[in-house]
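The values are calculated or read from the model by the stated rules, or taken from the named source; none is laboratory data. Quick caveat, the model's predicted, so the values are computed rather than measured. Positions of Cβ are generated from backbone atoms using ideal geometry, with glycine treated the same way; all protein chains shown enter the neighbour counts. Protein only, heavy atoms only, side chains kept; ligands, DNA and RNA dropped before computing areas. Shrake-Rupley method; radii C 1.70, N 1.55, O 1.52, S 1.80 Å.
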Amino acid sequence: EPEVTQTPSHQVTQMGQEVILRCVPISNHLYFYWYRQILGQKVEFLVSFYNNEISEKSEIFDDQFSVERPDGSNFTLKIRSTKLEDSAMYFCASSEGGTVPYGYTFGSGTRLTVV
Amino acid sequence: AQTVTQSQPEMSVQEAETVTLSCTYDTSENNYYLFWYKQPPSRQMILVIRQEAYKQQNATENRFSVNFQKAAKSFSLKISDSQLGDTAMYFCAFRNNDMRFGAGTRLTVKP
């Protein structure tokens, strides 16, 4: 069964450093998403991406965040200058369609720890 | 904006028994999908079951079934014959455009 692949599975970074979280969506999917889950809390929407541009973003997704699809297969989330409160599990997801009835396939997540 | 509410932060059930997890949502849309995701200790998000809003028949996947009450905007998950491997966080989710999640219910299945 096709999978969404995320790397690395765990990243530790110093506060103020830039991090790039990588995702390889399912190859025939056109819509891509990033979600965040702070430990023990709900899964929060960050951003959706289609046709090489952001379709929607939440208030969490401020100027510190950016997304890119650099080479037609990878989908990356960059955090420019990490803060302690950015420590969370980050999930990438992809979908064949942008609206119902398509579900999402989630990756296994990247645990980001900012120290 | 759509909101998803899971009012049970934690639940427990004895192995082989049945448990029902609650979910309500708020939307003005007529066409949408509802999902239940399972998040085991590995933290992976695993789709359990989904329901199309325009279908009256409740979705069923093996031991998992839903009670979808569109007028009441309620979407509960029933797990029959609970197994130890069902221990996980369960998230209810709503999708019209992007997917939004409830706060989750931590389910513990006791031997």
Would you kindly work out the equivalent ellipsoid of region A:65-115 from its C-alpha gyration tensor and give its semi-axes, the square roots of five times the eigenvalues, largest first in whole Å?
24, 14, 9
Of the accessible area of the protein assembly as shown, with the probe set at 1.4 angstrom, what percent is carbon plus sulfur?
44 percent
Each label sits 7 Å from Cα toward the beta-carbon; between residue B:54 and residue B:71 the label points are separated, in nm, by 2.1 nm
Accessible-area loss of at least 50 Å² in the complex relative to the chain alone (1.4 Å probe) applies, within region A:39-69, to A:42, A:43
With every protein chain kept in place and ligands, DNA and RNA left out, what is the accessible area per residue of the protein assembly as shown? Probe 1.4 Å, answer in Å².
49 Å²
With a 1.4 Å probe and ligands and nucleic acids left out, the total accessible area lost when B pairs with A, in Å² to the nearest 100, equals 2000 Å²
Computed over all unlike Cα pairs, the Kirkwood hydrodynamic radius of chain A in Å stands at 14.1 Å
Regarding chain B, what are the three Cα extents along the principal axes, ordered largest first, in Å?
42, 26, 21
Starting from the alpha-carbon convex hull of region A:3-49, give the projected area averaged over all orientations, in nm².
4.3 nm²
Cross-link partners of residue B:78 among lysines (Cα-Cα below 22 Å; sequence separation of 8 or more within a chain)
A:42, B:38, B:55, B:70, B:110
Under a crude label model (7 Å from the Cα following the beta-carbon direction), how far is residue B:103 from residue B:7 in nanometres?
1.3 nm
Please list, in order, the residues from region B:82-111 whose amide nitrogen is less than 13 Å from a point placed 7 Å along the Cα→Cβ vector of residue B:18.
B:82
Please state the relative contact order of region B:18-111 as a whole percent: Cα pairs under 8 Å, 6+ residues apart?
32 percent
Shielding by partners, peptide B:98-107 (average Cβ within 10 angstrom, other chains)
5
